[in-house]
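Values in this text are rule-based calculations from the coordinates and carry no lab data. The structure displayed is predicted, hence computed values, not measured ones. With ideal geometry, Cβ positions are generated from the backbone for all residues, glycine too; neighbour counts draw on all protein chains shown.
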Amino acid sequence: DGDSPKKIQSSMFSGEEQGQRKGHGRGRNQRKNQTPQAQAPPAAGWAPPHQALPPDLGPFGAYPNPYAAAGMPLPYAPGPPPPAGYNTYIPYPPQPYTMMPPPTMYPGMPAMPMFPHMPPVPTMPEQAPASKNAKSRNKLPEATAAGGKNLRETKGKRRTKGKNSKDEPSAAIEDDANLSLLLNQVRRKQRDVTLEEVLSESLVVEFAKDQHGSRFLQQKLDEAPEDVKQRVYAAIQEEAADLSKEVFANHVVQKIFDTADTEQKKALVRALAENVAALSQDQYGCRVIQKAIQAVSKESQQQIARELEDHVESCIRNMHGNHVIQKCIEQMPPDSVNFVIKAVEQKAEETARHVYGCRVIQRLLEHCVSAQLEPMLEKILVNVAVLAKDAYGNYVVQHMLEHGRKEDKQRIIETIRSNIAEFSKEKFSSNVVEKCFEAATVGENADDPIIQQERTALMRMVLERPEVIYAMCTNTYGNYVVQKMLENTRGEEWPALCQAIRNVESQLNASGGAAGGREDPREVFKHILTHLNKESGAQQ
């Protein structure tokens, strides 16, 4: 390895050829009689002493030289100058008994070893540096001076990232490159950073937007002195609307509503006021508005309500905004949510059939007085038959049976009783029929004479009409209504219902249980028998 290039070059020729080069033997006289133009070039390439050198191999072995100039001997063909910006390989003598690879064609591959008398071979341009924010899994393994060792080592191996992954520290450094020194120290837990340091460098907003920084601020606000809290509140308040939409910063804004005093909360509500409608319909902003409604005074609640007044309908139909409207109904006094009632009653039926609107109506039924809801309730009662069969409207009807006035319950039960077989066989309205039996038996106002009268009529509609009980017992959804009836019988109703069920069993056995619908009626009826045996044990 310590031989000079000249010595290694001489060792590349056979003994006879070396003698000619030194002037010994016949080769010396022959060389004197030859002109420079007629001189034969020395054999290029290299072969072991025991192997004859192929006569037609050039300096590239079996690979042609693409840079050979026309009319020049191949071994001395100069290569073109490398283009600007290209890397060039510095040639070094080949090691004994090694095979020469072809010129490189891919970034990261080493260039072909060259002879000292050959020009450098241009390689491929350098690969553009990866972005600082690029994920480590998108980077190619770096080639090493050993000829791409890393490429071979990583081939076929599955690289995983975990708690103890070796790539994790480097990835964290890249992710932290654009962050402040203090935030990096907090992220890596290098030292205990104080809230005063963050304030002195005006980094409150940056900390709030970072996952670790947000958690840091929330923890420090619980124990910070009042003057330090005031400075943090002021920094957050300036950009409260934008921070409320951030995945991590919104928690800091919510924390202020938990830790600030009344005046500070009022100031924060004023900072958010112009953006209340937009924030209410934002994935993260809606959480801030809900926290504000829950934590602020009645005066600030009314300010939020005024900002929402013209956007109630859009908020109700929004997957995030409907939660803000529900929070208004839950936290504000009933007389402060008239703006919601007014918007709902204009489209009561449509709102009741909406996936989010039905929730808002349920909250109104729970928290508002009946006098406020009179127009809305009337529109719902007129459309009970339609709403009971709706995927979302049935929940509104059930909620009226639970929280409504006794007059409302009476009208709903009358509507269901008029066509109980049809309602019992429907997927959604069967839930309403079950609720009718439950509300009239154990619900509020269940002991009222009017409700008792409606309950008795409802039971008779099933027990005194064999075709009705048969249709319910053999239906996929109707059988659940019969099971609910078994749970809510009184006095003589229990033996009468048991006898009606036994009559259905006899009919099924006599008819062979011909399939009617998707399921075999006998299989459906087994659920009722199982429930009957269970309730019989409870009755005894």
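Out of Val462, Val433, Val442, one residue alone is closer than 21 Å to Trp494 by Cα, loosely packed, with under 15 Cβ neighbours inside 10 Å and in contact (Cβ under 8 Å) with a residue 40 or more places away in the chain. It is Val442.
Do you know which of the residues in region 295-313 that are of a type in the set (S, T, N, Q) and more than 22 Å from Gln372 (Cβ to Cβ) is surrounded by the fewest Cβ atoms within 10 Å (Cβ to Cβ)? Here the residue is Ser297. Every listed requirement among (1) surrounded by fewer than 19 Cβ atoms within 10 Å (Cβ to Cβ); (2) in a helix (DSSP H, G or I); (3) of a type in the set (A, V, I, L, M, F, W, C) is met by Met319 save one, (2).
Is at least one residue of region 380-400 under 26 Å from Val269 (Cβ atoms), β-branched (Val, Ile, Thr) and either touching a residue at least 12 places away in the same chain (Cβ under 8 Å) or in a loop (DSSP other than H, G, I, E, B) (or both)? The answer is no; no qualifying residue exists.
Exactly one residue among Thr489, Thr476, Thr441 is in a helix (DSSP H, G or I), of a type in the set (Val, Ile, Thr) and in contact with an Asp or Glu (Cβ under 9 Å, 6 or more places away or on another chain), and that residue is Thr441. Of the residues making up region 329-372, just one is hydrophobic (A, V, I, L, M, F, W, C), under 30 Å from the mean Cα position of the chain (by Cα) and outside any helix (DSSP H, G or I), namely Val355.
Selection over region 297-311 of residues that are in a helix (DSSP H, G or I), within 17 Å of Ala271 (Cα to Cα) and not basic (Lys, Arg) gives a count of 9.
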